[in-house]
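K.L.:
Next up is a structure, given as structure tokens.
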Amino acid sequence: MSLHSRNDIYAVMSDEEFRAQARAFIEANYPDIPRFSQKRLHFSQSKPWYMALARKGWVAPAWPVEHGGMGLSATKQLIWIEENERFGAARINDIGPVMLGPLLIQFGTDAQKAQFLPKILSGEHIWAQGYSEPNAGSDLAAVRTEAVLDGDEWVINGQKTWATLGNDANWIFILARTDKSVKKQAGISFILVPMDLPGVTVRPIENLEMHDEFCEVFFDDVRVPRENLVGAVNQGWTMAKALLGHERVFIGAPRLSSSALARLDLLARKVGVADDPAFQDRFTRLRLDVADLTALFETYIEKLRHGEAIGADVSIMKIFQSELYQRISEEMMAIGGATAALLEPFEHDPRLHAAGTYLMARPTTIFGGSNEVLRNVLARMVLDLPA
Amino acid sequence: MTDLAEIEMIRDSARAFVPPGGDLVRIRGLRFGEAGFDPAIYRQMAEMGWLMLRLPEEEGGLGLGMRAYCALAAVLGAGLVPEPLIHANLAVRLLGAGVGDAVLAGTRIVLPAWQAGFDGLDLAAGVTGAAGGLSGEKRFVYQAAGADAFLVTGAEGGWLVEAGAEGVSLECEGTQDGGHFGSLRLAGVSAERIDLIDPAAALDEAALATSAYLLGVAETAFEMTLDYLRVRKQFDKPIGSFQSLQHRATDLKMQLALLRAGVDMAAGALDAGVDDARRSALVSQVKVRAADTAMLVAREAVQMHGAIGFTDEHDVGLFVRKAMTLANQFGSAAFHRRRFAAMQPYAAA
């Protein structure tokens, strides 16, 4: 009954009402932590914001209401993103709500849903993603981390890398090889692993922003119960693809580009080129690209909402967004003059940071499937061109 | 000795000192330190004559041309040398032999504090030298914390200001390459006005040398990337065997060839003697391609390295950061495009 009435709350609310409520909530509840931070905040810092969202029931805007989400329409999801961007709210550790939650809703057992979804919503479980390995990057299906069944337990050995904020997480989901005798995609399973177990080691990697955002995670005879497998044995690639589809919708979201555009606008005013017609032409081109991207994004949000599968064409959005984000960041470097060389934001305003934006935009064309590999996927799967 | 032999000699001596690819352990060790460079190495470089390259022989210098200077700068860029030689050379160029033996010997470091705005080559703005002394602010003084004195520039000449003099304060903020910019504030500093020698030409020469340095940075980052394309395997093949990457690597090579040709052409023209407008147009032409190419190679180097290229522990990032730091120094590509068009209006043949 309470779930239904909550459902009614957002479904019957006008978009304008929802925007006003979102704005008021953020302004009233955002804790005393940095705003407009270019670097991802660690959970130790952003936890109060996660908890504020958890108390309000706003951790998972996209999940269906029956699982504790907000069940928002595409438009309202966009509004929620826009209001967060407008305020400069920190991005929470969102791999649980954005990546794992939807996957468990689709493929998990009832027991798994009951065990894990509430703990994502409460902030008790912070998830990391264990996909890439040193020799399985673009070629993700080449993963070698191995899981062997021993009685009622999986025994896991191997190494994952580029686990975003892996040093904050207490759980990680991994792609593990469970059959070496078949085609590489056919021998992979999807397994949930607590990170506080003996044999799990995390090593942070400093990135070009001098931030330990990514981690290597090592597994040395790590034992987890058999029921931590999601889906069937050797069906992990199906789930990996579904999850990558979600990830590509997420990376394809206009959030990064639109916030970079706002930074570009501020920087242009600061350095005095905002009124230059040549700059205005370039700025408007970028702005229209963001506007069209937003329209495309909305179509994917609608598909997700109606439980439709995300096809290979989602890579169009991922490629376009990541390269648009980079183009905006490159324009910031081009107009920033001497400020573009700085290590920290200019005049301590986190938004006036051409170099930071430029560097943070780099990996978006690499992770979630490199844009080179995704162009191959589009050529084969969408354009139906020969191999 | 012929010009070419001189250029070869300086290139060889520079390479002996800064091997291709450089000593990246040294470069890493100096990053984000207080001076951002090693004064002892700076002195050794001065002992090789690198601060008196452009000083005429009759004034005790080596009397070398821009071709030799650019050859040296490209080697320094290939090794990511953080010692501010181009900047120190600018101060020497502006002051001539009057700069003093200690400066030429590298025991006294004088860096130019010429810039006040975000972009461009205006060395007049920021300070005034009224009766009450020198006042105002110069910004973005590269590696300023290592300087013993600054050559502060204004509309009617310059002033040598000791770093520790009364009324002088310096605030530094880090740059991406591990060096820093200083903001130099002057409040009624007593200093004697000095005539500057042909400041417009001196700044053009610094911009051209910076272009050559960026060429060295970009070429080395490109070589590292090619090496990676040859050895990194995905899908059971070296990624350099994939046609899309081959085409993009080829595109980078094209830009580097254009940049190298431009640097050589402009340096040769300056050595041969050209009028002021032509000199500025040529330098702008080269600086545009240097900034754009260095940034293009930097982002493609990261992309082609994949995620490892986004880590600070991989050396390719050192080259990316250097390109980011220097691309806009002595005028951004946008500034130089505007200046080129102004200096050399298009006339149909």
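K.L.:
At a 10 Å Cβ-Cβ cut-off, how would you order B:Tyr346, B:Tyr69, fewest neighbours first?
P.N.:
The most exposed by this proxy come first: B:Tyr346, B:Tyr69.
K.L.:
Ranking B:Met45, A:Met381 by Cβ neighbours within 10 Å, fewest first, what do you get?
P.N.:
Values: B:Met45 22, A:Met381 13.
Placing the least packed residue first, the sequence is A:Met381, B:Met45.
K.L.:
Can you tell me which lysines have their Cα less than 29 Å from the Cα of A:Lys180? Leave out same-chain residues fewer than eight positions away.
P.N.:
A:Lys160, A:Lys241, B:Lys233, B:Lys237
K.L.:
In terms of the Cα gyration tensor, with a ≥ b ≥ c the square roots of its eigenvalues, is region A:127-234 rounded because a/c is under 1.5, prolate because a/b exceeds b/c, or oblate?
P.N.:
Because a/c hits 1.5 or more and a/b fails to exceed b/c, region A:127-234 counts as oblate.
K.L.:
Counting each DSSP H run of 4 or more residues in chain A as -39500 (n - 2.57), what helix-only mean residue ellipticity at 222 nm follows after dividing by all residues, to the nearest 500 deg cm²/dmol?
P.N.:
So the helix-based figure for chain A works out to -14500 deg cm²/dmol.
K.L.:
For the pair A:Glu323 and B:Glu156, what calculated FRET efficiency results from E = 1/(1 + (r/R0)^6), where r is the Cβ-Cβ distance and R0 = 35 Å, to the nearest 0.05? Please list the in-between numbers first.
P.N.:
Working: r = 49 Å, r/R0 = 1.39.
With a Förster radius of 35 Å, E is 0.10.
K.L.:
Sticking with the crude label model, points 7 Å out along Cα→Cβ, report the distance from B:Glu47 to A:Asn135 in nm, one decimal please.
P.N.:
Each label point lies 7 Å from its Cα, and together they span 4.8 nm.
K.L.:
How much mean residue ellipticity at 222 nm does chain B get from its helices, if each DSSP H run of length 4 or more adds -39500 (n - 2.57) and you divide by all residues, to the nearest 500 deg cm²/dmol?
P.N.:
-16500 deg cm²/dmol
K.L.:
Here's something else I'd like to know. Could you check which residue among B:Glu219, B:Glu166, B:Glu300 shows the biggest mean-square fluctuation in a GNM of chain B with a 10 Å Cα cutoff?
P.N.:
B:Glu166
K.L.:
Quick one: check the C-alpha center-to-center distance for region B:310-343 versus region A:355-382, whole angstrom.
P.N.:
23
K.L.:
Also, I was wondering about something else. Could you please rank A:His42, A:His348, placing first whichever residue has the fewest other Cβ atoms within 10 Å of its Cβ?
P.N.:
Arranged by neighbour count, lowest to highest, A:His42, A:His348 become A:His348, A:His42.
K.L.:
Ok, one more. Return the percentage of antiparallel bridges among DSSP beta bridges fully within chain A, rounded to the nearest 5 %. Provide the component values of the computation, followed by the final result.
P.N.:
Values: 30 of 35 bridges.
In chain A, approximately 85 percent of DSSP beta bridges are antiparallel ones.
K.L.:
Quote the charge dipole size of region B:194-349 about the Cα centre in Debye, to the nearest 20; the model charges only the Cβ of Lys and Arg (+1) and of Asp and Glu (-1). Mind dumping the intermediate values first?
P.N.:
Numbers: 17 positive and 18 negative charges, 128 e Å.
Dipole of region B:194-349, to the nearest 20 debye: 620 debye.
K.L.:
With only Lys, Arg, Asp and Glu charged, each at its Cβ (+1 for the first two, -1 for the last two), find how big the charge dipole of the protein assembly as shown is about the Cα centre; round to the nearest 20 debye. Walk me through the intermediate numbers first.
P.N.:
Numbers: 71 positive and 91 negative charges, 359 e Å.
Dipole about the Cα centre, nearest 20: 1720 debye.
K.L.:
Next question, about the same structure. Send over the per residue convex hull volume for the protein assembly as shown, Cα only, as a whole number of Å³.
P.N.:
182
K.L.:
Which of A:His42, A:Phe18, A:Leu53 sits closest to the plus end of the dipole of region A:2-92, meaning its Cα is farthest towards the positive end, when Lys and Arg get +1 and Asp and Glu get -1 on the C-beta?
P.N.:
The listed residue farthest towards the positive side: A:His42.
K.L.:
Once the Cβ-Cβ distance between A:Asp152 and A:Thr75 is put in as r, and R0 is 45 Å, what FRET efficiency do you end up with, to the nearest 0.05?
P.N.:
Efficiency computed from Cβ-Cβ geometry: 0.45.
K.L.:
Convert each backbone phi in region A:96-111 into a coupling constant with the Karplus relation 6.51 cos²θ - 1.76 cosθ + 1.60 (shift: θ = phi - 60°), then list the ³J(HN,Hα) values in order as whole Hz, x for Gly and Pro.
P.N.:
Once θ is set to phi - 60°, the couplings for region A:96-111 become x, x, 8, 9, 6, x, x, 5, 5, 4, 7, 10, x, 6, 4, 5 Hz.
K.L.:
Still on this structure, I have one more. Based on alpha-carbon centroids, what's the gap between region A:38-86 and region A:275-341 in Å, whole number please?
P.N.:
Comparing the Cα centres of region A:38-86 and region A:275-341, I get a distance of 22 Å.
K.L.:
Just for chain B, what percent of DSSP beta bridges are antiparallel, to the closest 5?
P.N.:
So the antiparallel bridges in chain B amount to around 85 percent.
K.L.:
Any idea how far apart A:Ala114 and B:Arg11 come out in nm if each label point goes 7 Å out from Cα toward Cβ?
P.N.:
About 7.6 nm separates the two model spin labels.
K.L.:
Let me ask something else. Separation between the B:Ala40 and A:Met381 pseudo-spin-labels, each 7 Å from Cα along Cα→Cβ, expressed in nm?
P.N.:
The modelled label-to-label distance comes out at 5.8 nm.
K.L.:
I've got another one for you. Please find, in a Gaussian network model of chain A (springs between Cα atoms separated by less than 10 Å), the residue of A:Ala28, A:Ala340, A:Ala262 whose mean-square fluctuation is greatest.
P.N.:
A:Ala28
K.L.:
Which residues' amide hydrogens lie under 5 Å from the amide hydrogen of B:Ala113, considering only partners 5 or more residues apart or on another chain, with H built in the peptide plane?
P.N.:
So B:Ala113 has HN proximity to B:Leu151, B:Val152, B:Thr153.
K.L.:
Please give the Cα centre distance for region B:71-150 versus region B:222-281, rounded to the nearest Å.
P.N.:
Region B:71-150 and region B:222-281 have Cα centres spaced 30 Å from each other.
No lab work stands behind these numbers, since they all come straight from the coordinates. Remember, predicted model here, so these are calculated numbers, not experimental data. Every residue, glycine among them, receives a Cβ derived from its backbone with ideal geometry; neighbour counts consider all protein chains shown.
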